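The values are calculated or read from the model by the stated rules, or taken from the named source; none is laboratory data. Because the structure is a prediction, the values reported are computed rather than measured. Methodologically, a virtual Cβ is constructed for each residue, glycine included, from the backbone with ideal geometry; neighbour enumeration extends over all protein chains shown. Just so you know, the surface numbers come from the protein's heavy atoms only, side chains and all, with ligands and any DNA or RNA stripped out. Shrake-Rupley method; radii C 1.70, N 1.55, O 1.52, S 1.80 Å.
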Amino acid sequence: MRPLTLPARLPLRRLLTVARPALWVNTVGTLVMGLWLTGHLYTLRPDLLVLLAYLTLPFNLLIYGLNDLADREEDALSARKGGWQGARLTAGEGGPLLRAILLLNAPFLLALALLLPPAASGVLLLAAALFVAYSLPPLRLKGRPFLDGLSNVAYALPLVLPALALGTDVPWLPLAALMAYSVGKHAFDAAQDVPADRLAGTRTVATTLGVRGTAAYALGWFLLAGALLWPLSHLTAIALWLVCGGMALALLRRPTPERAARLYPLSIVTPWIVGTVAGVPLVYLLARGLWP
């Protein structure tokens, strides 16, 4: 019998699978939206360029790599893992993946601590800490119903980093709206995993409420997110209600994990759809030559 050999490192292609590039819009897109809200969309400041680079592979590898490591038991029972929706890790990949997460994240976090003002560095570290706490013990927030979704406000935090780095006003209403959207989206996305999570003994907001209750819970957060956006952009609020609210209503009408799984690709593209609608005023201003 040949001895078992463990990989010393994971190839880039495997790291990309773990980091789920289809979801990078949740980090990179949020930062870009924050730059737009400050009026400095085209800035070439080194600190913000380094931050933009960090929010691609390194930060997403931290988010999803730790999640995949902690959820190997659930992922083994999930039909949607093993492709673009997330990796299904083998036993020998844990050590190399942890090393890759550390080696890609530590230099960026150190550099950004030196480049960014303390407030911006603190918010970035808070976002990273929330994602670590979501997946790993002793907190393991993923297994604590309702705290699992509330911790996902971390996805909204990159929105304020440009304002904190540039010393401009923090966009509090968009931040609150994005936080509400993130909590609702987490709940909605968890509905498809109810069977696998229950078999693995993992308690989540979705296993606690059931698929129907989770759809109603997500709908409430989406309605709140739109209401928070309404004073800033009626068009964006309506788009969020139509797309995200409609998605939640569709699941509410037929509350099964299978239905949630079929709706999941729509959930993935909701940031693109709502973000595109939000960008309509920007395109108008650029066309009129009114944007600095």
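Identify the single condition in (1) closer than 19 Å to T202 by Cα; (2) under 19 Å from the mean Cα position of the chain (by Cα) that P138 does not satisfy, given that it satisfies every other one.
So the condition that P138 fails would be (2).
What pairs come up if the first residue lies in region 197-226 and is touching a residue at least 12 places away in the same chain (Cβ under 8 Å) and farther than 12 Å from A248 by Cβ, the second is among the basic types (K, R) and open to solvent by 40 Å² or more (accessible area, probe 1.4 Å), and their beta carbons are under 6 Å apart, counting only those six or more places apart or on different chains?
T207/R198
State whether the residues of region 205-218 include one that is of a type outside the set (S, T, Y), under 18 Å from P271 (Cβ atoms), surrounded by 21 or more Cβ atoms within 10 Å (Cβ to Cβ) and touching a helix residue (DSSP H, G or I) at 6+ places or on another chain (Cβ under 8 Å).
yes
Would you mind telling me which numbered condition in (1) in contact with a Phe, Trp or Tyr (Cβ under 7 Å, 6 or more places away or on another chain); (2) surrounded by fewer than 22 Cβ atoms within 10 Å (Cβ to Cβ) G226 fails?
Unmet condition: (2).
If I filter region 189-222 down to residues being part of a helix (DSSP H, G or I) and over 24 Å from L23 (Cβ atoms), which single residue comes out as modelled with the lowest pLDDT?
Looking at the filtered set, the residue picked out is L199.
Look at L240 and say whether it is of a type outside the set (G, A, S), at pLDDT below 95 and assigned to a helix (DSSP H, G or I).
no
Listed residues A165, A187, A206; which is over 30 Å from V280 (Cβ atoms) and not hydroxyl-bearing (S, T, Y)?
A206
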